[in-house]
Amino acid sequence: MTKKRKRGNLIHLLIFLLFFGGLAVWLVFLFSRPPNQALFTKPLYVLPGGEKVVVLTFDDGPLPYRTPLLLEMLKKHGIKATFFMMGERMSQYPDIARQVVAEGHLIGNHSWDHSRLTFRSPAFVRKQITMTDSLIRAAGQQEVRFFRPPYLKKFIVLPLVLNAMKKVMVTGNINPPAEYNVPCDPHLVADQVMEQVVPGSIIYLHDGYILGDPGNGSAEFIEAVEQIIVRLRDSGYSFVTL
């Protein structure tokens, strides 16, 4: 076999390996995208057990536009919720974070600055988590078991780091799209939740959502959460934290 032919066969082999290797990576990436699936771990997607309970979770806070109003409304209804907080915002508003803990709610880790944690080094991912953990402990909550991936992106490295840190990855099964309109339509948001709710549902909303509006659609957001609470209770659901 001539050198030229050997070189040609090697090039063909490399192309074959690159194509099928890339295809395999893409298929694995697609598998990890649904909120109820991840590599190397099983996300907490709904609570097990089949009891007629739901978990209200709130992401991306704390912020002064929504979080204090939300706490006031939750207290009125006697509801305990789970707040997935960003370390960067906790560093800006530590008093609000402390208030969340003092009022009996649970704080979960939502990274330092909401960076996408796919295709990042383990050291980068771990730093995002540990920096935020330290502020959660400073707010008065010593155990930090739960982590929600920013954008729910969770490809390869993040699950491995969470396993090593003995943390639980949390996603959820209800993310009402109408909530992303600012201001939102409270009735439509509640409708979308009611259409999807099942025993054990984990509902995720955003007390830290900002689109440059100083009011941040806060009144409509609080009304939406209140409608969700009232309608779920009328349907026989109770509320728990993670």
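The values are calculated or read from the model by the stated rules, or taken from the named source; none is laboratory data. Here the structure is a predicted model, which is why all the values come from computation and not from measurement. For neighbour counting, all protein chains shown are included, and Cβ atoms are generated from backbone atoms with ideal geometry for every residue, glycine included.
Restricting attention to region 225-235, does a residue exist that is within 21 Å of Lys76 (Cα to Cα), touching a residue at least 40 places away in the same chain (Cβ under 8 Å), over 18 Å from the mean Cα position of the chain (by Cα) and part of a loop (DSSP other than H, G, I, E, B)?
Among the residues of region 225-235, at least one is within 21 Å of Lys76 (Cα to Cα), touching a residue at least 40 places away in the same chain (Cβ under 8 Å), over 18 Å from the mean Cα position of the chain (by Cα) and part of a loop (DSSP other than H, G, I, E, B), which makes the answer yes.
Working only within region 163-181, note down all residues that are out of contact with any helix residue (DSSP H, G or I) (no Cβ under 8 Å at 6 or more places or on another chain) and buried (at least 21 other Cβ atoms within 10 Å of the Cβ).
Answer for region 163-181, where residues must be out of contact with any helix residue (DSSP H, G or I) (no Cβ under 8 Å at 6 or more places or on another chain) and buried (at least 21 other Cβ atoms within 10 Å of the Cβ): Val170, Gly172.
Test of understanding: among Gln99, Gln141, which residue is over 16 Å from the mean Cα position of the chain (by Cα) and outside any helix (DSSP H, G or I)?
Result of the check over Gln99, Gln141: Gln141.
Can you confirm whether region 113-131 contains a residue that is among the hydroxyl-bearing types (Ser, Thr, Tyr), part of a loop (DSSP other than H, G, I, E, B) and surrounded by 21 or more Cβ atoms within 10 Å (Cβ to Cβ)?
Within region 113-131, the first condition is being among the hydroxyl-bearing types (Ser, Thr, Tyr), and the residues that meet it are 115, 118, 121, 130.
Next cut, part of a loop (DSSP other than H, G, I, E, B) only: 115, 118, 121.
Among the residues that remain, those that are also surrounded by 21 or more Cβ atoms within 10 Å (Cβ to Cβ) are: none.
No, that holds for no residue.
Being touching a strand residue (DSSP E or B) at 6+ places or on another chain (Cβ under 8 Å), assigned to a loop (DSSP other than H, G, I, E, B) and either in contact (Cβ under 8 Å) with a residue 12 or more places away in the chain or under 21 Å from His77 (Cα atoms) (or both) is true for just one of Leu162, Leu242. Which residue is that?
Details: Leu162 fails: assigned to a loop (DSSP other than H, G, I, E, B).
The unique qualifying residue is Leu242.
Got a sec? Which of Ser115, Ser111, Ser121, Ser91 is among the polar types (S, T, N, Q) and at positive phi?
Working: Ser115 fails: at positive phi; Ser121 fails: at positive phi; Ser91 fails: at positive phi.
Only one candidate qualifies: Ser111.
Out of Leu152, Leu117, Leu106, Leu135, I need the residue that is modelled with pLDDT under 95 and closer than 17 Å to Thr82 by Cα. Which one? Give the derivation first.
Values: Leu117 fails: closer than 17 Å to Thr82 by Cα; Leu106 fails: modelled with pLDDT under 95; Leu135 fails: modelled with pLDDT under 95.
Step by step, each of Leu152, Leu117, Leu106, Leu135 is checked, and only Leu152 is modelled with pLDDT under 95 and closer than 17 Å to Thr82 by Cα.
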